[in-house]
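Down below is the structure, laid out as structure tokens.
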Amino acid sequence: MAITKEKKKKILEELKEKIDKQKIIIFIDFTGVKNKEFFALRNKLKELGNYLKVAKKTLINLALTEKKLNVVNVRDLSGEIAVIFGLNDEISAAKVLFEFLKESKNLKVLGGILENNFIEASKIEELAKLPTKEQLLSMLISNIFAPISNLVYSLRSIPQNFVFVLSQIQSKVKK
């Protein structure tokens, strides 16, 4: 069934809007993926502020060209193409996708666009292995507070050790 011209314009505008907001774009081939699995992936991405869109290769290519992101010709990518837009950060979409790949063998990562450059699927996998922003912040905070907490522990142990020595002396004096 053919898509009307009006529907194509709407899809094109939606793609361009997401391209403006994206931090990363990931292209996937979803040939052979069951609807239930595909919607589960879409919902998980949406929970983390990312967006998955299925569109014709020509429309995706046109949107990328109009937004000066024509670093890849989507028509050259194989299979049925879906586009994942990482809207909040560069990592969360890749993490969700590679978690999903452990369960679904039919889904294939074809590549993506990061900072206006095409990146291979292997680079997207490397991004997925990076810690999240929250994990990095917690590691930073623990590293900042480690010397302070060690100092407090050391200072607290001096009076404790003094009291322990006094109690040992007192017990020997009583004997």
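Bear in mind that the values in this text are calculations on the coordinates, not laboratory data. Here the structure is a predicted model, which means the values were calculated and not measured. Here the Cβ is made from the backbone with ideal geometry for all residues, glycine too, and neighbour counts use every protein chain on show.
Farthest toward the positive end of the dipole of the chain, out of Ser167, Asn88, Ile144, is the Cα of Ser167, where the dipole comes from beta carbon charges about the Cα centre. Rounded to the nearest Hz, the phi-derived 3J(HN,Hα) couplings of the range 46-60 under the Karplus curve 6.51 cos²θ - 1.76 cosθ + 1.60 (θ = phi - 60°) are 5, 4, 9, x, 9, 9, 10, 9, 9, 8, 5, 4, 4, 5, 4, where x marks glycine and proline.
Under 16 Å of direct C-alpha separation, and excluding same-chain neighbours fewer than eight residues apart, Lys34 reaches these aspartates and glutamates: Glu80, Glu103.
Here the spin labels are modelled as points 7 Å beyond Cα on the Cα-Cβ line, and at Thr58 and Ser104 they lie 2.6 nm apart. Obtain the nm distance between the two label points defined at Asp76 and Lys123 by a simple spin-label model: each point lies 7 Å from its Cα along the Cα-to-C-beta direction. So the label points at Asp76 and Lys123 sit 1.4 nm apart. Taking label points 7 Å from Cα along the Cα-to-Cβ direction, Lys23 and Phe162 give a separation of 5.1 nm.
Tell me, what are the semi-axes, in whole angstrom and largest first, of the equivalent ellipsoid of the range 1-56 as set by the roots of 5 times the Cα gyration tensor eigenvalues? Mind showing how you got there, number by number?
Details: eigenvalues 84, 61, 19 Å².
Equivalent ellipsoid semi-axes, largest first: 20, 17, 10 Å.
Computed 3J(HN,Hα) for the range 160-168, one whole-Hz value per residue from the Karplus formula 6.51 cos²θ - 1.76 cosθ + 1.60 where θ = phi - 60°, is 4, 5, 5, 5, 5, 5, 4, 5, 5, glycine and proline marked x.
Sequence-ordered 3J(HN,Hα) estimates for the range 78-91 from the Karplus curve with 6.51, -1.76 and 1.60 and θ = phi - 60° stand at 8, x, 7, 9, 10, 10, 9, 9, x, 8, 8, 8, 7, 9 Hz, glycine and proline given as x.
Taking 20 °C and 1.002 mPa s as conditions, the range 76-175 diffuses translationally at an estimated 116 µm²/s according to Stokes-Einstein applied to its Kirkwood radius (Cα pairs).
With only Cα atoms counted, the chain has Rg and Dmax values of 26.9, 101 Å. With a threshold of 23 Å on the Cα-Cα distance, the over-threshold entries among Lys57/Lys133; Lys8/Lys57; Lys23/Lys105; Lys44/Lys129; Lys68/Lys133 are Lys57/Lys133; Lys23/Lys105; Lys68/Lys133.
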